[in-house]
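What follows is a short report on a single structure.
All of the numbers you see were taken from the coordinates with simple rules; none came from a lab. On a predicted model such as this, the values are computed, not experimentally measured, just so you know. Here the Cβ is made from the backbone with ideal geometry for all residues, glycine too, and neighbour counts use every protein chain on show.
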Amino acid sequence: MRSNIRREGIIFVIMFCVIGASVASAYNHESLSQTNPLTMRSILYVGGDGPGNYTTIQDAVDDAIDGDTIIVYSGIYYEDQVIVDKAILIQGAGWETTIIDGGDALLTETGLLRIIADGDVLLQGFTIRNAGGPSGYGSGDNKLNIGVAVFSSAPDVTYTITSNRIIGTQNPNDDYDWGFYAISGGQENIIFSYNIVTETGCNNIVVEKTTGSTDLCFNVLDAGCWGIDPVYYMTYGGTDIITTQMVRNNTIDVGTGINPGGATNNKVTGIGFSSAYLGCTGTLDSGKYTDIIITGNSIMNVKEWRRGIALDNFAWDDGSEGEILNAHILNNVISGVSDNPTSFGIRLSGLVSNTNIQGNEVTGCDMSFWGRTGYYGGSTAYPGATNVHFNCFLGNSEGFVWEGPTILNAENNWWGDPSGPHHPDNPDGLGDNVSGSVDFSPWLYYYGPETSLPEVSITSPTKGYVTINIFGGLFTWKFKFFSTFAIGKIKVSVNASDPQSGIDRVEFYIDDVLKATVTTPPYEWIWAERGFFFPYTLKVIAYDLAGNSNADSMKVWKIW
Ligand SMILES: [Ca+2]
Ligand SMILES: [Ca+2]
Ligand SMILES: [Ca+2]
């Protein structure tokens, strides 16, 4: 049932009363009386028991104008489809209680929630389930089921989808069942945040040839009930994506799903970008990415045939038609649970240039990193100018695999052991394996909080001995005595070591006065100052590279 009553919003009342008087002096009365979308904002209500509330979300959208807010009360709304073609805010009472159920309806266009406005839209606080779709799409219900689909034909439009739960068909055989889909060729900017997407038969999120910026953040995602890439970006057909594509702070379980295809049909990658995508379908293709940021994600359950992050250039030949440039892969945690082939943490394939891989933690996979040639069309291209620094690669069985002809810069990583990675150039390394032309030296000597104290001891002068060194070294002698005596110039020698970060410096003190600082071994200082047969306190302090310190000291009777 459709309501024709429109409830004017509080915003309008306040703006009219407070601002109206002052604005009136600047504008004539005719213009004030006109409908101004900026000030005529309304709130429309759906559900609940207020008089005149709408019963369906679509009816409220149909009556809304740009700038309106639609508030949806708790309840289950059975609507085949909600098409949002206005710049509005749609606010549910929270995904726990406010449910839009699409009844698996047959639709002419995709998206239970289909957002196509040429102005900003915000959608939040719903569970979206049982999406239907157009028919003719594969197995399962033969529909292209999509919870939320978006497409703007205009640029500079932002769609914000936040704090929703999107549930898929819950049918592992439904191979066209996506939670969120940025429809091919859209120009909108997308903020997709704090959502939960689960039980999809196919991908959680597909972003296809979208030229606006994207920010997928703080979502909880998984590989669905089939087991397939949770986040998948692609471009093709000559469309270069030059806006920022950001995937950050998501929690992604790549271990879900039945995985019946195993090695052949079903290799799950948590976050995947593919350029010149049609190259993988047997078509010569082009299309690039130049601004990808993947940061702060937690990707777990990387088991056999599951992967963390992949940047794949599917362009043929030298790969230049699909170059992926300047990507940042930062501070992600990728946790493997199996070293069975062929799980990996991070893969770059084909011409992927200037990738910055820093601060990631990849553990328990088969390959921590895999850099290789492109997959299709006789590709001869390898990743270039890849920088891999300050990562933790630990307990990955095949380890760090670089197949390219150039030297890959992987200095300053932690390989799981202070002895460094295992490589033909470092055969005694007890850390992860590294293969290929990789510059891994220097490597990090510790990882995580550095709290170990340095070990430090004074080895000379010898405690409980008299040490004599006079006449410019012409006469030296040492014998046991009741206390430590030093006669003449004495060399103070110190053993200092640190199990984690290593020694930064050793300081030498006499009676708490700093006499010398030595930064490289041997840690020695010549105590040449004349003594007056007093017991002096000789103290040394060793500092490690993290600033932890430890001391040794002794009383020395110094004469001459
Ligand atoms: Ca389907
Ligand atoms: Ca080096
Ligand atoms: Ca230490």
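When we measure straight from the Cα of Lys558, which lysines land under 17 angstrom away, once same-chain ones fewer than 8 places off are left out? Counting by Cα, and skipping residues close in sequence, Lys558 has these lysines nearby: Lys463, Lys478, Lys480, Lys489, Lys491, Lys515, Lys539. For Lys267, the lysines whose Cα falls under 17 Å of its own Cα, not counting residues fewer than eight places away in the same chain, are Lys303. In sequence order, the stretch 308-321 has phi-based couplings of x, 10, 9, 10, 10, 9, 8, 5, 7, 6, 7, x, 5, 6 Hz under the Karplus curve 6.51 cos²θ - 1.76 cosθ + 1.60, θ = phi - 60°, and Gly or Pro positions carry x. With respect to the chain, whose longest principal axis is taken over its alpha-carbon atoms, helix 10-26 is tilted by about 90°. The simple Förster model, with R0 at 22 Å and r as the Cβ-Cβ distance, assigns Glu524 and Ser483 a FRET efficiency of 0.45. Would you work out the relative contact order for the chain, in percent, from Cα pairs under 8 angstrom that are 6 or more residues apart? Relative contact order of the chain: 6 percent.
Under the simplified labelling scheme, the Asp156-Ile242 pair shows an inter-label distance of 1.7 nm, with each label point 7 Å from Cα along Cα→Cβ. Once the Cα-Cα distance is subtracted from the 0.36 nm per residue extended length, the Ala105 to Ile76 segment shows a gain of 8.9 nm.
For the peptides 278-287, 306-315, the ranking by mean Cβ contacts within 10 Å, running from highest to lowest, is 306-315, 278-287.
Based on DSSP, what percent of beta bridges with both residues in the chain are antiparallel, to the nearest 5?
Within the chain, antiparallel bridges account for around 25 percent of the total.
Checking every one of the chymotrypsin sites (Phe, Trp or Tyr not before Pro) in the stretch 440-492 against DSSP loop status and a limit of 10 other Cβ atoms within 10 Å picks out Phe471, Phe482. In this calculation the C-beta distance from Ser549 to Phe390 is compared with R0 = 30 Å, giving a FRET efficiency of 0.75. Taking amide H as placed 1.01 Å from N in the peptide plane, Ile128 has its amide H under 5 Å from the amide H of Ile100, Arg165, Ile166, Ile167, each at least 5 places away in sequence or on another chain. Of the chymotrypsin sites (Phe, Trp or Tyr not before Pro) in the stretch 194-260, not one is in a loop by DSSP (not H, G, I, E or B) with at most 13 other beta carbons within 10 Å.
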